[in-house]
1. About the Cα centre of the chain, what is the dipole size in debye to 20, counting +1 per Lys and Arg Cβ and -1 per Asp and Glu Cβ, all else neutral?
2. Residue by residue through segment 398-405, which ³J(HN,Hα) values in whole Hz follow from phi under the Karplus form 6.51 cos²θ - 1.76 cosθ + 1.60 (θ = phi - 60°), with glycine and proline marked x?
3. Would you mind working out the magnitude of the charge dipole of segment 400-473 relative to its Cα centre, with +1 at each Lys and Arg C-beta and -1 at each Asp and Glu C-beta, to the nearest 20 Debye?
4. Can you tell me which of 320-331, 119-130 comes out highest on packing, and rank the rest after it, using the mean Cβ neighbours within 10 Å?
5. Where a Cα-Cα gap under 26 Å defines reach, which lysines qualify for K384, not counting those fewer than 8 residues away within the same chain?
6. Once Lys and Arg get +1 and Asp and Glu get -1 on their Cβ, which of T191, F207, G298 lies farthest toward the positive end of the dipole of segment 92-311?
7. May I ask which residue of Y358, L397, V320 lies farthest towards the positive end of the charge dipole of segment 314-472, with charges of +1 (Lys, Arg) and -1 (Asp, Glu) on Cβ and the Cα centre as origin?
8. Counting other Cβ atoms within 10 Å of each Cβ, which trypsin sites (Lys or Arg not before Pro) in segment 20-85 have at most 15 and sit in a DSSP loop?
Amino acid sequence: MTQQNYSDGVQQYVEKGKTMSAAVKAQRAMMRGKKFDTIAVHGIYNMQAALSNQGSIIEPAYLSPAQHFENSDHMEASLAYLMPSWTYSRIANPTQGYLEETLALLEGYGYNGDVSAIVTSSGMSAVFMATNPFLERDGDAPINFVASAKCYGGTFMLFSERYARERGAELRWVRDPLNLDEWAANIDQNTRFVFGEMPSNPSLGMFDIAAVAGLAHQHGIPLIVDSTIATPALMRPLQHGADIVVHSLSKAMTTSGFAIAGAVIARHGIPSRVGPDELRHNFAMYVKLLPYRDHGPGLSPFSSLMILNDLRTLRSKLDVMSSNALQVAQFLSQHPGVEAVFYPGLPGTPEHDIAQKYMWLVDSEEEYGSPINRFSHLMGFTVKGGVAATRTMFDHLQMIWRATDLGRIKTVATIPAISTHQQQGEEGRTLAGVPGNLVRLSVGAEHPADIIGDLEQALSAVSQKTVTQQTSR
Ligand SMILES: *Cc1c(COP(=O)(O)O)cnc(C)c1O
């Protein structure tokens with residue numbers, strides 16, 4: 001931003017802005033001393049804030065698109081980004097702001113440094129906003145980026161179609177994200193960022209965050225982690241060296257399913273080969289004030305409030321859903337009609353050691369006596385008998401929803417090859433580890449016996465069908 005001479009009137013607002021910023025900063029610092037659940041319940045909305053909102057004890061939904069200014073000096077100071085203000089809801093909004101502050105505190109829980117967050121209209125727009133700024137052209141110099149091939153279908157398409165095919169950035173997939181040598185071999189002097197999903201949707205792929213962050217940092221580039229499946233209740237990548245975390249808030253962060261949304265959460269002081277100093281200093285704020293303003297992926301204030309409301313009980317919900325998921329995974333792994341179960345909580349899966357290193361229920365030591373591992377609500381399993389058997393099992397589910405969804409309080413099943421991972425084709429699915437007989441199961445908070453019961457009867461429909469076919473032959 002260019003240096004200008006501002007009038008005394010504008011200067012007065014700049015001073016007022018400093019007081020406002022100091023108050024928010026003090027509240028943030030105070031909340032950082034609280035436990036995870038307390039932060040999730042209150043965020044930074046305190047009694048002082050309530051008194052300037054008619055005493056409302058719940059954060060109000062500011063549906064107004066724009067802010068009224070006291071006078072022209074106030075307008076000028078605000079629009080020049082010289083004081084805290086929200087001006088226009090595409091760029092900022094108070095309700096959105098409460099959510100952003102809460103997310104920064106939750107994702108930054110236990111991390112010793114400053115963290116900022118922005119919320120977006122979907123998880124995909126968050127992945128876009130977190131990565132696109134690093135692909136800035138630098139004359140004719142070649143550009144590449146390195147990403148784990150085990151990733152969400154939408155991310156797969158954004159990277160391969162939009163960035164690689166349309167724009168010519170070279171995409172280097174890491175096929176086995178557990179293999180550090182593969183990450184190392186792909187990163188070079190033209191790499192702009194490193195991206196990984198931890199754990200991945202739907203194949204539950206994993207990688208060693210600290211080790212991959214180390215490789216990225218040796219090259220002066222950021223590690224971006226999509227930790228949608230884990231949520232900050234089970235894992236906080238910033239603590240382990242990641243620079244930027246992205247979330248689809250549409251999933252377990254909003255178990256009710258009342259919103260489609262995303263978030264970009266970044267620590268201050270990240271490495272980058274491109275962009276201005278502001279990008280390195282506070283990536284989330286830089287994105288919000290500039291590229292986000294121009295691309296327009298702002299989140300509705302109404303959705304922001306729905307998400308805030310769901311986040312208040314994040315930890316306890318993820319605890320129940322994850323412990324249910326482990327029981328379901330154990331049941332499936334012993335069922336004769338199941339070929340394989342992909343759940344990082346099961347000993348013997350290749351991801352188990354890394355999962356044990358990174359996935360812990362936050363603040364669990366008080367409740368359980370010592371910290372406990374929780375491996376999330378998501379799993380995959382393959383059905384014996386191929387695609388036809390898989391569809392038979394799927395079609396016989398009576399309580400578990402058939403939907404392309406996950407992270408719900410209700411259990412939901414999907415066949416990725418004919419839904420989320422349909423458009424990337426056979427080759428892309430092989431790369432991402434998505435065979436045709438894979439079922440993705442997102443375990444909810446029903447009683448685990450009832451979830452298992454529904455799966456049991458659906459799987460027995462497969463064996464009955466096979467028996468009927470054999471006898472009629
Ligand atoms: C769903 C999902 C996304 C995309 O989120 P939307 O809110 O649907 O746009 C990105 N990453 C992961 C891991 C997801 O599960």
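The values are calculated or read from the model by the stated rules, or taken from the named source; none is laboratory data. As the structure is a prediction and not an experimental result, all values here were calculated from the model. Virtual Cβ from ideal backbone geometry, glycine too; neighbours counted across all protein chains shown. Note: accessible area is taken over every heavy atom of the protein model, side chains too, but ligands, DNA and RNA are not part of it. Shrake-Rupley method; radii C 1.70, N 1.55, O 1.52, S 1.80 Å.
1. Details: 37 positive and 45 negative charges, 129 e Å.
With only Lys, Arg, Asp and Glu charged at Cβ, the dipole is about 620 debye.
2. Each residue's phi maps through the Karplus curve to give 10, 10, 5, 5, 8, 7, 8, 8 Hz.
3. Numbers: 7 positive and 7 negative charges, 34 e Å.
Here segment 400-473 has a charge dipole of around 160 debye.
4. Details: 320-331: 20.6, 119-130: 24.5.
Descending mean neighbour count gives 119-130, 320-331.
5. K150, K410, K465
6. Selected residue: G298.
7. In segment 314-472, that residue is L397.
8. Details: sites: K25, R28, R32, K34, K35; in loops: K34, K35.
For trypsin sites (Lys or Arg not before Pro) across segment 20-85 that sit outside H, G, I, E and B with at most 15 neighbouring Cβ atoms in 10 Å, the list reads K34, K35.
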